[in-house]
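A.B. asks: Could you have a look at this structure, given as structure tokens, before my questions?
The values are calculated or read from the model by the stated rules, or taken from the named source; none is laboratory data. These numbers come from a predicted model, not from an experiment. Quick reminder, even Gly has a Cβ in these numbers, built from the backbone with ideal geometry, and neighbours come from all protein chains shown. All accessible areas refer to the heavy atoms of the entire protein, side chains included, with ligands and DNA or RNA removed. Shrake-Rupley method; radii C 1.70, N 1.55, O 1.52, S 1.80 Å.
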Amino acid sequence: METELSYFLGIDYPTWWFLIVGGVFAGYAILDGFDLGAGSIHLFLKKEQSRRIALNAIGPVWDGNEVWLVIAGGALFAGFPVAYASLFSAFYIPFMLFLVLLIFRAIAIEFRSKEDMKWWRNFWDRAYFVASNSLSLLLGVVVGNLMIGLPIDERGNLVGSWLQLLNPYALLMGFTILALFVMHGIIYLLLKTEGRLYAKLRILLNRAVILFIIAFTAASAYGLYAYPKLSDDLQNSLSFWILPSLGILSILSIPQWIKRRKFRIAFVSSALAIALMLGVLAFELYPVLLYSTLDPAYHIDIYSAASSQKSLGIMLLIAAIGTPLILGYTAFVFYTFRGKVRLDENSY
């Protein structure tokens, strides 16, 4: 690593890249989060027409939302190749499973409407449902393990079996992320539906909010009890309380916005809650990217894992040019396909 750090606006390049990587991952969680949430309730929609409407609500955007995951992975590799290697090595089996589930979800969405047989559609409906729920759970497991640290050695390799990553806290975080995405997805579907389906979604949303609050409370309480590192951070920095407090306020505001039929504001509140949860993760980690539970000397931070300062500078320029283009394209797509879903012969 270079000894001299380069700065832009008073912030060093590795910190800038840390913010960029975190921002792109947050963008993926917000955008593909409602796709996954919509899929997680798919089997709760009993009627064929309701399932088709739900699929067509995400139809124009789901594949574009997944692109953010590719960008996030590329940004992590470009900015912090050492952390990228350790992370993907530690989570090799879960990430391969994640990739397979992504493929099955895409196939289920595209193949479902190709045949009219009931068994055919039921099969892909179940594949879509299982893949969506499993993807959300896996993402939560990754977040949970990043919060508490990984048993990595001085070379950045995972010590022991990957099954240890399925610890109670990580699983609780998995259910928390699942509930959060379900709530996020239902709110998005409320923006795109009407009639009886809309009424059913209102009922499901109330249950999803309660489920998320229970899961979030359980994960937070267990984490603070079982992992002193998390509680120490809270005690050492009062500002750390700001992000989770704002996140809770965002969640609690959602039922009120729905009650007032302010669905867009409710969706923004849900997106903000996702961003704030990832903000807590970033605040907890910085400047470390991967905590080692074996020895603090094995931590991988943004300085030891970063690319050269010249490379980071060039990539920051590329990011400054590309980010507005990506955001503009995303906004254009959502604006183009705004409004309620209407089924026709070209629909899923």
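A.B. asks: Within the bounds of region 67-77, is there any residue that is closer than 18 Å to S40 by Cβ and open to solvent by less than 20 Å² (accessible area, probe 1.4 Å)?
C.D. replies: Within region 67-77, the first condition is being closer than 18 Å to S40 by Cβ, and the residues that meet it are 69.
Narrowing the set further to residues that are open to solvent by less than 20 Å² (accessible area, probe 1.4 Å) leaves none.
No, that holds for no residue.
A.B. asks: Would you mind finding the one in A275, A306 that is open to solvent by less than 40 Å² (accessible area, probe 1.4 Å) and under 21 Å from the mean Cα position of the chain (by Cα)?
C.D. replies: Working: A306 fails: under 21 Å from the mean Cα position of the chain (by Cα).
Step by step, each of A275, A306 is checked, and only A275 is open to solvent by less than 40 Å² (accessible area, probe 1.4 Å) and under 21 Å from the mean Cα position of the chain (by Cα).
A.B. asks: Being hydroxyl-bearing (S, T, Y), touching a residue at least 40 places away in the same chain (Cβ under 8 Å) and open to solvent by 10 Å² or more (accessible area, probe 1.4 Å) is the filter here; which residues of region 192-223 pass it? First the steps, then the outcome.
C.D. replies: Going through region 192-223, the residues hydroxyl-bearing (S, T, Y) turn out to be 193, 198, 217, 220, 222.
Then keep just the ones that are touching a residue at least 40 places away in the same chain (Cβ under 8 Å); that gives 193, 222.
Across region 192-223, the qualifying residue is only Y222.
A.B. asks: A follow-up question, please. Given the criteria of a type outside the set (A, V, I, L, M, F, W, C) and surrounded by 17 or more Cβ atoms within 10 Å (Cβ to Cβ), does Y286 qualify?
C.D. replies: Details: of a type outside the set (A, V, I, L, M, F, W, C): yes; surrounded by 17 or more Cβ atoms within 10 Å (Cβ to Cβ): no.
For Y286, the condition - of a type outside the set (A, V, I, L, M, F, W, C) and surrounded by 17 or more Cβ atoms within 10 Å (Cβ to Cβ) - is not met.
A.B. asks: If G322 satisfies all but one of (1) touching a residue at least 40 places away in the same chain (Cβ under 8 Å); (2) assigned to a helix (DSSP H, G or I), what's the number of the condition it fails?
C.D. replies: (1)
A.B. asks: Select from region 88-124 the residues that are hydroxyl-bearing (S, T, Y) and surrounded by 14 or more Cβ atoms within 10 Å (Cβ to Cβ) and write down the one among them that is farthest from S40 (Cα to Cα).
C.D. replies: Going residue by residue through region 88-124, those that are hydroxyl-bearing (S, T, Y) are 89, 92, 113.
Going one step further and asking which of them are surrounded by 14 or more Cβ atoms within 10 Å (Cβ to Cβ), we end up with 89, 113.
Numbers: S89: 28, S113: 19 Å.
Ranking the qualifying residues of region 88-124, first place goes to S89.
A.B. asks: Give the number of residues within region 125-146 that are open to solvent by 20 Å² or more (accessible area, probe 1.4 Å), closer than 18 Å to I300 by Cβ and out of contact with any strand residue (DSSP E or B) (no Cβ under 8 Å at 6 or more places or on another chain).
C.D. replies: Residues that pass the stated criteria total 2.
A.B. asks: Only one residue in S308, S270 is touching a residue at least 60 places away in the same chain (Cβ under 8 Å), among the hydroxyl-bearing types (S, T, Y) and over 25 Å from V142 (Cα atoms). Which one? So that I can check it myself, show each step before the final result.
C.D. replies: Working: S270 fails: over 25 Å from V142 (Cα atoms).
Exactly one residue qualifies, and that residue is S308.
A.B. asks: When you go through I258, I213, I251 one by one, which is the residue that is part of a helix (DSSP H, G or I) and either more than 17 Å from G140 (Cβ to Cβ) or modelled with pLDDT of 90 or more (or both)? Spell out the reasoning first.
C.D. replies: On the way: I213 fails: either more than 17 Å from G140 (Cβ to Cβ) or modelled with pLDDT of 90 or more (or both); I251 fails: either more than 17 Å from G140 (Cβ to Cβ) or modelled with pLDDT of 90 or more (or both).
After applying the criteria, what remains is I258.
A.B. asks: On to the next question. I'm checking my understanding of the structure. Among residues of region 2-24 that are in a strand (DSSP E or B) and not aromatic (F, W, Y), which one is least open to solvent (accessible area, probe 1.4 Å)? Before you say what the answer is, go through the steps one by one.
C.D. replies: Of all residues in region 2-24, those in a strand (DSSP E or B) come to 7-8, 11-12.
Subset that is not aromatic (F, W, Y): 11-12.
Working: I11: 55, D12: 16 Å².
Checked region 2-24; the qualifying residue least open to solvent (accessible area, probe 1.4 Å) is D12.
A.B. asks: Let me ask something else about it. Can you tell me which residue among N56, N65 is under 22 Å from A208 (Cα atoms) and polar (S, T, N, Q)? Talk me through it step by step, then tell me what you get.
C.D. replies: Details: N65 fails: under 22 Å from A208 (Cα atoms).
Of the residues listed, the single one that is under 22 Å from A208 (Cα atoms) and polar (S, T, N, Q) is N56.
A.B. asks: Can L312 be described as within 21 Å of the chain's Cα centre (by Cα) and not small (G, A, S)?
C.D. replies: Values: within 21 Å of the chain's Cα centre (by Cα): no; not small (G, A, S): yes.
So L312 does not fit the description; no.
A.B. asks: Is it the case that some residue within region 148-167 is open to solvent by 70 Å² or more (accessible area, probe 1.4 Å), among the acidic types (D, E) and within 30 Å of A54 (Cβ to Cβ)?
C.D. replies: No, region 148-167 contains no residue that is open to solvent by 70 Å² or more (accessible area, probe 1.4 Å), among the acidic types (D, E) and within 30 Å of A54 (Cβ to Cβ).
A.B. asks: Filter region 309-329 down to the residues that are aliphatic (A, V, I, L, M) and open to solvent by 50 Å² or more (accessible area, probe 1.4 Å) and list them by number.
C.D. replies: The first filter runs over region 309-329 and keeps only residues aliphatic (A, V, I, L, M), leaving 312, 314-321, 325-327.
Residues satisfying the conditions are I314, L317, I318, A320, I321, L325, I326, L327.
A.B. asks: Filtering region 267-304 down to residues that are touching a Lys or Arg at 6+ places or on another chain (Cβ under 9 Å) and assigned to a helix (DSSP H, G or I), which residue is nearest to L36 (Cα to Cα)?
C.D. replies: E284
A.B. asks: Can you tell me which residue in region 25-49 is farthest from L102 (Cα to Cα), limited to those that are open to solvent by 20 Å² or more (accessible area, probe 1.4 Å) and of a type outside the set (D, E, K, R)? Don't jump to the end; show me each part of the working.
C.D. replies: Filtering region 25-49 for residues open to solvent by 20 Å² or more (accessible area, probe 1.4 Å) gives 25, 30-31, 43-44, 46-49.
Cutting the leftovers down to of a type outside the set (D, E, K, R) gives us 25, 30-31, 43-44, 49.
On the way: F25: 16, I30: 17, L31: 15, L43: 18, F44: 21, Q49: 24 Å.
Looking at residues that are open to solvent by 20 Å² or more (accessible area, probe 1.4 Å) and of a type outside the set (D, E, K, R), I get Q49.
A.B. asks: For the list (1) of a type in the set (K, R); (2) at pLDDT 90 or above; (3) farther than 30 Å from L343 by Cβ, I need the number of the one condition that K192 fails.
C.D. replies: Unmet for K192, out of (1) of a type in the set (K, R); (2) at pLDDT 90 or above; (3) farther than 30 Å from L343 by Cβ: (3).
A.B. asks: Looking at the structure I just gave you, is I30 within 30 Å of A199 (Cα to Cα), in contact (Cβ under 8 Å) with a residue 60 or more places away in the chain and not charged (D, E, K, R)?
C.D. replies: On the way: within 30 Å of A199 (Cα to Cα): yes; in contact (Cβ under 8 Å) with a residue 60 or more places away in the chain: yes; not charged (D, E, K, R): yes.
In short, yes.
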